[in-house]
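Reading through the structure tokens given below for one structure.
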Amino acid sequence: MAWTRKILRVNLTKGTCVAEPLNMDWATKYLGQRGLASKYLAEEIDPACDALSPANNLIMATGPLTGTMASTGGRYSVITKSPLTGAIACSNSGGFIGNEIKNAGWDMIIFEGKSPKPVYLYLENDNATLCSADEIWGKSVWETDDILHTKYQDPLLRIAAVGRAAEQGCLYSAVVNDKHRAAGRSGVGTVMASKNLKAVAVRGTKGVGNIRDPQAFIRATVEGKRVLAENAMTGEGLGALGTQALMNVINEVGAMPTRNMREVQFEGASKISGEAMLEPRESDGKANLTTNGACFGCTIACGRISTIDPQHYTIADKPQYAGNSGGLEYEAAWALGSNTGVDDLDALTYANFLCNEDGYDPISFGATVSAAMELFQIGALTTKDTGGLELKFGSAEALTKAAELVAIGEGFGKDLGLGSKRLCDKYGHPELSMTVKGQEFPAYDPRGIQGMGLAYATSNRGACHLRGYTVSSEILGVPVKTDPFATEGKPELVKAFQDATAAVDSAGLCVFTTFAWTLEDIAPQVAAACEGNWTAESMVEAGERIWNLERKFNIDAGLTAADDTLPERLLKDAAKTGPAKGKVNELGKMLPQYYQIRGWTVDGVPTAETLARLSV
Amino acid sequence: MKLTFKLFASLTDLLPKEARDHAIDIDVADNATALDLIDRFRIPRKSAHLVLVNGVYLDPDERGEANLRDGDTIAIWPPVAGG
Ligand code: SF4
């Protein structure tokens with residue numbers, strides 16, 4: 001349904017589940033999902049609260065197109081205050097649970113407080129019940145999923161859960177749904193576990209309705225699917241190699257963060273690339289990639305389903321990992337691979353399986369391991385600290401052992417669960433943490449892609465590629481090619497990407513559609529689905545409103561312009577090889593102009609006029 | 001002059017069998033252009049989406065110009081995306 005106009009409010013402290021009407025005034029301003037839930041969060045919690053206290057809320061939110069026939073219309077997000085960054089967190093996931101929440105008749109679920117004992121929410125249409133989690137607390141996400149499916153005997157039950165990593169306080173824990181799709185970043189799973197909420201199991205059979213203009217909606221979504229199918233990226237490229245097509249591209253352009261971002265090209269990139277995932281291996285003649293997969297309603301199907309080489313050391317005595325499961329996306333392959341110097345595709349696949357199985361973000365995990373490897377290399381960490389683990393760059397064994405320890409929060413896994421910033425602080429070398437606002441970088445070195453430096457520094461959830469993916473323009477030429485080494489024009493480019501992405505997320509769509517779609521393709525779908533005057537222009541304006549709302553939340557949480565920066569390594573140490581050789585990121589040339597075009601003060605604070613113009 | 005020629009993604013099948021790591025060393029005339037190479041390896045021109053010379057983007061308007069130098073690496077992708 002476009003809007004069911006219903007929110008489920010779950011007070012975990014009191015153990016109550018109450019239906020309430022959706023605030024339609026906010027829905028017509030903030031669209032849905034990321035934007036609308038951020039509005040609820042900003043209105044309902046103190047942004048300065050402790051993220052892991054009962055004062056924080058956690059929201060599972062759908063968009064107006066979630067559950068409809070729009071391509072990729074299965075997305076949902078988890079919105080809360082992040083324990084990793086102290087900033088607003090919004091982690092987006094595909095799979096099937098977003099659609100299920102909508103089909104059960106809900107636009108959002110807001111969790112408040114903290115349950116006195118571990119519980120899970122069982123939601124079947126109007127029937128919402130908090131149940132004891134005694135049988136699943138202490139279990140992995142995969143075990144939890146199996147236990148609940150067996151208990152309810154319903155294969156169509158959709159489950160989002162946290163794993164043992166979150167229970168043990170790993171600060172970058174994810175909420176994993178459908179076993180291998182995740183609201184992965186910023187520690188949203190850690191917040192869920194802190195509330196003693198283990199899982200949300202949903203079954204919805206109400207179907208799709210409430211479309212404002214059904215005929216126009218069918219026309220607009222069919223046309224949208226035609227555009228996706230005819231575009232070479234969304235019609236072919238993403239389905240064939242997935243996001244992993246980028247491994248060789250980004251290495252070739254010299255923007256591949258390598259060994260804790262000391263280098264910008266990885267000699268082993270081709271061994272862990274999308275192309276390598278297609279090559280038959282010696283042992284059984286099969287490729288790492290079994291097939292591609294799609295989230296609900298998606299006609300792109302970028303998902304990777306993989307197996308590990310049956311003769312690989314990681315699964316020698318672990319038959320549970322021998323079958324198909326969620327394979328490497330580019331972000332995971334980079335963070336687990338080039339950033340740790342490991343070029344063993346099967347070891348990376350195994351570590352990725354563990355990230356899904358116990359719910360922790362492979363980007364933050366890989367980046368934290370790589371920081372630990374550098375600390376180990378300079379002697380700031382020794383085997384005394386690591387429990388005997390030889391954390392050497394390039395060691396697949398060290399990587400996979402580290403993954404096993406973080407999954408269960410044992411031994412040195414506790415330290416690794418702190419994330420790169422707190423780990424480097426603890427061992428006396430804060431300069432080795434490659435983070436912004438405490439969140440680890442994704443897979444693009446900003447010395448070789450200047451706009452990404454500004455996008456990282458100003459991202460409202462810390463270092464992130466999905467808040468303003470200027471790689472699309474600077475490297476891939478979509479919608480227009482820009483020079484990755486130029487700083488001129490980048491503040492405008494970053495702002496345009498940030499605002500448009502906020503709107504796409506908030507509609508309930510996957511951002512990968514934007515390799516083919518512009519807001520001109522999306523707006524007719526939204527306008528036909530739901531209330532509000534939705535045009536490409538009004539969606540950009542909503543995106544800008546959302547961006548400023550998130551910024552205001554962060555300022556109220558105590559963040560300042562001083563947090564809009566990059567590690568010194570990226571600002572002062574020039575890239576050593578490749579096309580970016582000799583270059584640093586020129587953030588200082590871009591940031592003042594960015595503040596200005598955003599309508600913010602020189603200190604990065606939205607002015608009263610800007611907030612009034614956007615009616616934030 | 002000698003060049004290193006690389007093809008990726010769905011174009012890898014167009015490389016000769018002796019290619020390693022998606023790359024092959026080739027000898028070409030000193031005035032060879034990127035378009036000459038695209039045609040020589042039977043790459044449909046619309047599939048040569050991303051053309052990098054030593055990692056730097058070569059604009060479609062410049063692909064017919066003799067701007068390659070001895071020792072260059074030229075790498076070509078069909079339309080690919082990611083995130
Ligand atoms: S493009 Fe990929 S991530 Fe996006 S909805 Fe489709 S399968 Fe899921």
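Shielding by partners for B:5-17, please: the mean number of other protein chain Cβ atoms within 10 Å of each residue's Cβ.
3
Sticking with the crude label model, points 7 Å out along Cα→Cβ, report the distance from A:E230 to B:A23 in nm, one decimal please.
Label-label distance for A:E230 and B:A23, simple model: 3.9 nm.
May I ask you to sort A:E331, A:E404 by Cβ crowding, counting other Cβ atoms within 10 Å and putting the fewest first?
Ascending number of Cβ neighbours within 10 Å: A:E404, A:E331.
Is the stretch A:268-428 rounded, prolate or oblate when judged by the Cα gyration tensor, a ≥ b ≥ c being the square roots of its eigenvalues, rounded requiring a/c under 1.5 and prolate requiring a/b larger than b/c?
Details: a/c = 1.96, a/b = 1.71, b/c = 1.14.
Verdict is prolate for the stretch A:268-428.
How high is the relative contact order of the stretch A:6-203, in percent, counting Cα pairs under 8 Å that sit 6 or more residues apart?
Reported as a whole number, the value is 23 percent.
Just how large is the dipole of the stretch B:2-77 about the Cα centre, in debye to the nearest 20, putting +1 at every Lys and Arg Cβ and -1 at every Asp and Glu Cβ?
The calculation lands at about 320 debye.
Partner chain Cβ atoms within 10 Å, averaged over the residues of A:480-488 - can you pull that number for me?
Taking the mean over all residues of the peptide, I get 1.
Neighbouring Cβ atoms within 10 Å as the yardstick, rank A:K581, A:K495, B:K17 fewest first.
B:K17, A:K581, A:K495
Taking the inverse of the average 1/r across all pairs of different Cα atoms in the stretch A:366-489, what Kirkwood radius in Å do you get?
15.7 Å
If the limit is 27 Å between Cα atoms, which of A:K195/A:K318; A:K426/A:K583; A:K583/B:K6; A:K225/B:K46 go over it?
Exceeds cut-off: A:K195/A:K318; A:K426/A:K583.
How big is the stretch B:2-77 by the Kirkwood estimate over distinct Cα pairs, in Å? Provide the component values of the computation, followed by the final result.
Details: mean 1/r = 0.0818 Å⁻¹.
One decimal place: 12.2 Å for the Kirkwood radius.
Could you work out, residue by residue across B:50-57, how many beta carbons of other chains sit within 10 Å of that residue's beta carbon, and then give the average as an integer? Mind showing how you got there, number by number?
Details: counts 7, 0, 5, 1, 5, 14, 9, 10.
Per-residue shielding by partner chains comes out at 6.
Helix-only mean residue ellipticity at 222 nm, the protein assembly as shown, DSSP H runs n ≥ 4 weighted -39,500 (n - 2.57), per residue, nearest 500. What is it?
That comes out to -9500 deg cm²/dmol.
As a test, work out the antiparallel percent of DSSP beta bridges whose residues both lie in chain B, rounded to the nearest 5. Numbers along the way, then the final one.
Details: 12 of 16 bridges.
Bridges in chain B are about 75 percent antiparallel.
By a straight-distance test (C-alpha under 17 Å), which aspartates and glutamates pair with A:K81 as possible cross-link partners, with residues fewer than eight away in the same chain excluded?
A:E43, A:E44, A:D46, A:D50, A:E112, A:D361, A:E440, A:E550, A:D556, A:D563
I need the peptides A:593-605, B:68-80, A:437-449 ranked by packing, meaning the mean over residues of other C-beta atoms within 10 angstrom, with the highest value on top.
A:437-449, B:68-80, A:593-605
Convert each backbone phi in the stretch A:247-256 into a coupling constant with the Karplus relation 6.51 cos²θ - 1.76 cosθ + 1.60 (shift: θ = phi - 60°), then list the ³J(HN,Hα) values in order as whole Hz, x for Gly and Pro.
3, 6, 4, 5, 5, 5, 7, x, 10, 8
Where a ≥ b ≥ c are the square roots of the eigenvalues of the C-alpha gyration tensor, would you call the protein assembly as shown rounded, which needs a/c under 1.5, or, failing that, prolate if a/b is larger than b/c, or oblate?
It is rounded, given that a/c, with a ≥ b ≥ c, falls under 1.5.
Could you tell me the relative contact order of chain B? Use alpha-carbon pairs under 8 Å, at least six residues apart, and round to a whole percent.
About 42 percent, as a whole number.
Roughly how big is the stretch A:440-614's charge dipole about its Cα centre, with Cβ charges of +1 (Lys, Arg) and -1 (Asp, Glu), in debye to the nearest 20?
580 debye
Go through A:468-481, A:212-225 and give me the packing order, highest mean Cβ count within 10 Å leading.
Numbers: A:468-481: 21.3, A:212-225: 16.0.
My ranking of the peptides, most packed first, is A:468-481, A:212-225.
Could you size up the charge dipole of the protein assembly as shown around its Cα centre, putting +1 on the beta carbon of Lys and Arg and -1 on that of Asp and Glu, and report it in debye to the nearest 20?
1220 debye
As a test of understanding, state the convex hull volume per residue of the stretch A:1-159 from its alpha carbons, in Å³.
Per-residue hull volume (Cα only) is 118 Å³.
Regarding the stretch A:422-486, what are the three Cα extents along the principal axes, ordered largest first, in Å?
The Cα atoms of the stretch A:422-486 stretch 44, 20, 15 Å along the principal axes, largest first.
Tell me, A:K576, A:K318 in order of fewest to most beta-carbon neighbours within 10 Å?
Lowest count first: A:K318, A:K576.
In nanometres, what is the gap between the two model label sites at A:A608 and A:A19, each 7 Å from Cα along Cα-to-Cβ?
Here the modelled spin labels are 4.4 nm apart.
Which Cα, out of A:A407, A:T487, A:Q525, lies furthest along the positive dipole direction of chain A (beta carbon charges, K/R +1, D/E -1)?
In chain A, that residue is A:Q525.
In whole Å, how far is the Cα centre of the stretch A:396-421 from that of the stretch A:65-89?
When both Cα centres are located, 27 Å separates them.
Classify the stretch A:68-112 as rounded, prolate or oblate, taking a ≥ b ≥ c as the square roots of the eigenvalues of its Cα gyration tensor: rounded when a/c is under 1.5, otherwise prolate if a/b is larger than b/c and oblate if not.
It is oblate, given that a/c is not under 1.5 and a/b is not larger than b/c.
Just how far, in whole angstrom, is the stretch A:166-232 from the stretch B:6-83 if you go by their alpha carbon centroids?
A separation of 39 Å, based on Cα centres.
The numbers here are math on the coordinates, done by the rules we state, and not lab data. All values reported here derive from a predicted model rather than from experimental measurement. Every residue, glycine as well, gets a Cβ built from its backbone with ideal geometry; the counts of neighbours run over all protein chains shown.
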